[in-house]
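Undergrad: Pasting a structure below so you can have a look.
The values are calculated or read from the model by the stated rules, or taken from the named source; none is laboratory data. The shown structure was predicted, so the numbers you read here are calculated from the model rather than taken from an experiment. No Cβ is skipped: glycine too gets one built from the backbone with ideal geometry, and neighbour counts run over all protein chains shown.
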Amino acid sequence: MSGPGTQQSTMASRERVELALAHTEPDRVPLDLGGSAVTGMHVDSVYRLRQALGLDAPGTPVKVVEPYQMLGEIAPDLLDALGVDVVGVGLPTNFFGFENEDWKPWTTFDGTPVLVPGAFKTEPDANGDILMYPEGDTSVPPSARMPNGGLYFDAIVRQDPLDEERLDVEDNLEEFTPISPAALAHVTREVERAAASGRAVLANVGDTAFGDIAFVPGMKLKHPRGIRDIQEWYMSLNLRPGYVNEVFERQCEIGLRNLEAVYDAVGDAITVIFVTGTDFGTQQGPFISPKLYRDLFKPFHVRVNDWIHTNTRWKSFIHSCGSIWRLLDDMVDAGFDVLNPVQTSAADMDPVALKATYGDRVTFWGGGVDTQRVLPFGTPDEVRAMVKERMRIFGSGGGFVFNTIHNLQARIPVENILALYDAVNEYRSYPLD
Amino acid sequence: MTLQEELREAVVEGQAKVAVAKVAQGLVEGVPAGTLLREGLIAAMAKVGGLYEQGEIYVPEMLVAARAMTEALAVLKPELVSEGVPTAGTVAIGTVKGDLHDIGKNLVAMMLEGAGYQIVDLGVDVRAEQFIQAIRDGADVAAMSALLTTTMLNMQENIAAITEAGLRDKARIIVGGAPITAEYAEAIGADGFAADASSAVRMVQQLLAT
């Protein structure tokens, strides 16, 4: 690789991102890797990339900073090597409700040496599966499972029989709590540290994702109550809209208070705030109708975005996988500034049409390269060609932060990852080709 | 409105209790179970599939309708057995090894059940041997699902294992899931691919008609 990031840059990373978000062309298209749990890289791929770049001696383990999806740490030396412009900040506990601390060695099923948090139970069960426990507490049933030979965790649904008469919104609100003084101190420290790096700060601290199916099963809760089964939740959008609306209402109040607390602590040191990662799209079309989005979700998105725009200089970030073209008029109208991951491999998600229709109002944070076919199964030349094309389409006039479509997964040929960042370095400078 | 029409409407609208009551009423009134199945449940789910494909309804409405169908079918099943009503065929369905995602797989299973097929749900993280056993047990179709680019490759291994076991001509193999395309299905030697649950029903109907 010809040394991405080694090229002289004249602009600080944060300024580069801010200009892009203001729909102005900076010196180069900004780059995110690892700024959030949906813009990162599986630890197996991080390990192999670090080895290929000569950053580590063979066998040097990589930290798993997000155990649910097994994302690897994008450490400062890798940020520098690739020319990354964004650093992420989150709450002190992970998806399973324990802190990433007391690191211990483990080897993934693919043989990668890693470090995992102390509460990550690495002894397999009788099937050879790895089970995860809420808050690391093995006295309660496990909340997630990585199958033997697998690469990620998925939630184990723990659903008590539903009694329609006794449904209580409090049961679906247990995981949404006012930010604790300790968590706020952590966020403050981390934002200050991230801002001091000169990079833009992407913060995910508010618990403002309404109805995110990744969280509905309550993986960090020891005894989740309420509606926790994924299909039951989707049906509830249709069968129990009043209940869901009340959950969102209360969650919104808590979330806005948390954002206020964070703003009081760190002010505009945050560049972009991660508002929601709820997936609204399948490969072929939206999960829900535009009308249901307007009735049930949009009012809360509007409230959160209005609060952000009235009280802060933060830009608001929405992540939704899949084909969401039919929802985008309403999502953009709800006031989101940033759209991720821009899944152009899904139906109706044509890059040219997206940029032409919404490019003056939203910044595309993603869409840089297809991760369903081109990156895992294509050739390095195909990867390069797609990066070049996407830089030209999305980068014109600013409004683009380069990111792959969702996390880079495991088992991507390292040649393709090298080709990806080599091409990013080659084609990111304005004026674009 | 005839009773069958009322049953259809209840299923399409996702009114499980009404659908169950209509099936019970039909049986009491002497309507053949096969008629209630064909003109009630199967016709309703065909309409649901069409509405989904046209973008008139979405995943929550489809799930609610499918649940109404499933609950009504549970009441009907003993009568179908005693009447000797044949199923349209048996489909063994599962998410492949290493993959625990089942929303899409479950939707396909429900729509196929609603089209009159008997479903053998193998669940998630399904090994090749389980598909092989299901074919030995008489499945006409093996349906494999994967959400991940890292697990979709197991479909090819499953097909190789089924071929190795000498069973490739005993069952049709269909594949689906977010990263799967028709080109990929063809490349690994599957008999069919469908992009969503509704077209999966058409695919199975076509495959078993030939």
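Undergrad: List, please: which pairs have Cβ atoms under 6 Å, are six or more places apart or on different chains, and start with a residue in the stretch A:395-417 that is at positive phi and end with one that is surrounded by 17 or more Cβ atoms within 10 Å (Cβ to Cβ) and at pLDDT below 95?
TA: Once the first residue is at positive phi and sits in the stretch A:395-417, its partners that are surrounded by 17 or more Cβ atoms within 10 Å (Cβ to Cβ) and at pLDDT below 95 give A:Arg411/B:Thr150.
Undergrad: Just one of the numbered conditions (1) out of contact with any helix residue (DSSP H, G or I) (no Cβ under 6 Å at 6 or more places or on another chain); (2) crowded, with 20+ Cβ neighbours inside 10 Å; (3) modelled with pLDDT under 95 is not true of B:Thr210; which one?
TA: Condition not satisfied by B:Thr210: (2).
Undergrad: Filter the stretch A:166-193 down to the residues that are in contact (Cβ under 8 Å) with a residue 60 or more places away in the chain and of a type in the set (Gly, Ala, Ser), then identify the one that is surrounded by the most Cβ atoms within 10 Å (Cβ to Cβ).
TA: Out of the qualifying residues, it is A:Ala183.
Undergrad: May I ask you to say which residue of B:Ala195, B:Ala178 is in contact (Cβ under 8 Å) with a residue 60 or more places away in the chain and assigned to a loop (DSSP other than H, G, I, E, B)?
TA: From the options B:Ala195, B:Ala178, the qualifying one is B:Ala178.
Undergrad: While we're here: Among the residues of the stretch B:160-175 satisfying the criterion of being of a type outside the set (D, E, K, R) and either assigned to a strand (DSSP E or B) or within 25 Å of B:Met62 (Cβ to Cβ) (or both), which is farthest from the other protein chains (Cβ to nearest Cβ)?
TA: Initially, the stretch B:160-175 is screened for residues of a type outside the set (D, E, K, R), giving B:160-163, B:165-167, B:171, B:173-175.
Next, from what is left, pick out any that are either assigned to a strand (DSSP E or B) or within 25 Å of B:Met62 (Cβ to Cβ) (or both): B:173-175.
Numbers: B:Ile173: 20, B:Ile174: 16, B:Val175: 13 Å.
For the stretch B:160-175, the residue satisfying everything is B:Ile173.
Undergrad: Of all residues in the stretch B:18-33, which are part of a helix (DSSP H, G or I), surrounded by fewer than 16 Cβ atoms within 10 Å (Cβ to Cβ) and under 25 Å from the mean Cα position of the chain (by Cα)?
TA: B:Ala24
Undergrad: Still on this structure, please answer the following. Condition (residue is within 22 Å of A:Pro147 (Cβ to Cβ) and crowded, with 23+ Cβ neighbours inside 10 Å) applied to the stretch A:9-20: is it met by at least one residue?
TA: Checked against the condition, which is being within 22 Å of A:Pro147 (Cβ to Cβ) and crowded, with 23+ Cβ neighbours inside 10 Å, the stretch A:9-20 yields no hits at all.
Undergrad: Taking the stretch A:385-433 as the region of interest, how many residues are at pLDDT 95 or above and under 20 Å from A:Val362 (Cβ atoms)?
TA: The first filter runs over the stretch A:385-433 and keeps only residues at pLDDT 95 or above, leaving A:385-431.
The next check asks that each one be under 20 Å from A:Val362 (Cβ atoms); those that pass are A:389-406, A:428, A:430.
The qualifying residues number 20.
Undergrad: Something else about it: Within the stretch B:70-159, considering only strands (runs of 3 or more DSSP E) that don't extend past its boundaries, which have at least 3 residues that are among the small types (Gly, Ala, Ser) and at pLDDT 95 or above?
TA: Once the strands (runs of 3 or more DSSP E) in the stretch B:70-159 are filtered for at least 3 residues that are among the small types (Gly, Ala, Ser) and at pLDDT 95 or above, what remains is B:141-145.
Undergrad: It is to be established whether one or more residues within the stretch A:345-362 are away from every other protein chain (no Cβ under 14 Å), closer than 21 Å to A:Asn204 by Cβ and either aliphatic (A, V, I, L, M) or surrounded by fewer than 22 Cβ atoms within 10 Å (Cβ to Cβ) (or both).
TA: Among the residues of the stretch A:345-362, at least one is away from every other protein chain (no Cβ under 14 Å), closer than 21 Å to A:Asn204 by Cβ and either aliphatic (A, V, I, L, M) or surrounded by fewer than 22 Cβ atoms within 10 Å (Cβ to Cβ) (or both), which makes the answer yes.
Undergrad: Scan the stretch A:215-222 and tell me whether some residue there is surrounded by 23 or more Cβ atoms within 10 Å (Cβ to Cβ), within 25 Å of B:Gly176 (Cβ to Cβ) and within 14 Å of another protein chain (Cβ to nearest Cβ).
TA: yes
Undergrad: Could you please let me know if B:Gln130 is closer than 23 Å to B:Ala44 by Cβ, polar (S, T, N, Q), more than 13 Å from every other protein chain (Cβ to nearest Cβ) and surrounded by fewer than 23 Cβ atoms within 10 Å (Cβ to Cβ)?
TA: no
Undergrad: Under the condition of being surrounded by 18 or more Cβ atoms within 10 Å (Cβ to Cβ) and free of Cβ contacts under 8 Å to residues at least 60 places away in the same chain, which residue from the stretch A:246-264 is nearest to the other protein chains (Cβ to nearest Cβ)?
TA: A:Phe248
Undergrad: Could you name every one of the helices (runs of 4 or more DSSP H) located completely within the stretch A:370-433 that has at least 2 residues being more than 12 Å from chain B (Cβ to nearest Cβ) and within 17 Å of A:Asp44 (Cα to Cα)?
TA: Answer list for the stretch A:370-433: A:414-427.
Undergrad: For residues that are within 14 Å of chain B (Cβ to nearest Cβ) and assigned to a helix (DSSP H, G or I), scanning just the stretch A:279-309, find the one that is surrounded by the fewest Cβ atoms within 10 Å (Cβ to Cβ).
TA: Looking at residues that are within 14 Å of chain B (Cβ to nearest Cβ) and assigned to a helix (DSSP H, G or I), I get A:Lys291.
Undergrad: Among A:Gly267, A:Gly242, A:Gly322, which is surrounded by fewer than 19 Cβ atoms within 10 Å (Cβ to Cβ) and at positive phi?
TA: None of the others qualify; the one that does is A:Gly267.
Undergrad: Do any strands (runs of 3 or more DSSP E) lying entirely in the stretch A:67-159 carry at least 1 residues that are surrounded by 22 or more Cβ atoms within 10 Å (Cβ to Cβ) and within 24 Å of the chain's Cα centre (by Cα), and which ones are they?
TA: The qualifying strands (runs of 3 or more DSSP E) are A:86-90, A:113-116, A:130-132, A:144-146.
Every residue, every condition in (1) within 14 Å of chain A (Cβ to nearest Cβ); (2) under 30 Å from B:Leu76 (Cβ atoms), yes or no:
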| position | (1), (2) |
| --- | --- |
| B:Val108 | yes, yes |
| B:Asp140 | no, yes |
| B:Met144 | no, yes |
| B:Thr150 | yes, no |
| B:Leu153 | yes, no |
| B:Gln205 | no, yes |
| B:Thr210 | no, yes |
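Undergrad: While we're looking at this one, here's another question. With respect to B:Leu63, is the statement that it is part of a helix (DSSP H, G or I), at pLDDT 95 or above and more than 14 Å from chain A (Cβ to nearest Cβ) true?
TA: No, not satisfied.
Undergrad: Can you tell me how many residues within the stretch A:154-169 are touching a strand residue (DSSP E or B) at 6+ places or on another chain (Cβ under 7 Å) and of a type in the set (Asp, Glu)?
TA: Matching residues across the stretch A:154-169 total 1.
Undergrad: Kindly indicate which of A:Asp333, A:Asp337, A:Asp329 is farther than 25 Å from A:Gln284 by Cβ, modelled with pLDDT of 95 or more and more than 14 Å from chain B (Cβ to nearest Cβ).
TA: When all the criteria are applied, what remains is A:Asp337.
Undergrad: Please find, among A:Thr312, A:Thr276, the residue that is away from chain B (no Cβ under 14 Å) and either of a type in the set (A, V, I, L, M, F, W, C) or surrounded by fewer than 22 Cβ atoms within 10 Å (Cβ to Cβ) (or both).
TA: Within the list A:Thr312, A:Thr276, the selection yields A:Thr312.
Matching residues to (1) under 13 Å from A:Tyr68 (Cα atoms); (2) at pLDDT 95 or above:
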| position | (1), (2) |
| --- | --- |
| A:Trp106 | no, yes |
| A:Pro113 | no, yes |
| A:Val116 | yes, yes |
| A:Glu123 | no, yes |
| A:Asp160 | no, no |
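Undergrad: In the list A:Val17, A:Val29, which residue meets the criterion of being touching a Gly at 6+ places or on another chain (Cβ under 7 Å) and β-branched (Val, Ile, Thr)?
TA: Testing whether each residue is touching a Gly at 6+ places or on another chain (Cβ under 7 Å) and β-branched (Val, Ile, Thr) leaves just A:Val29.
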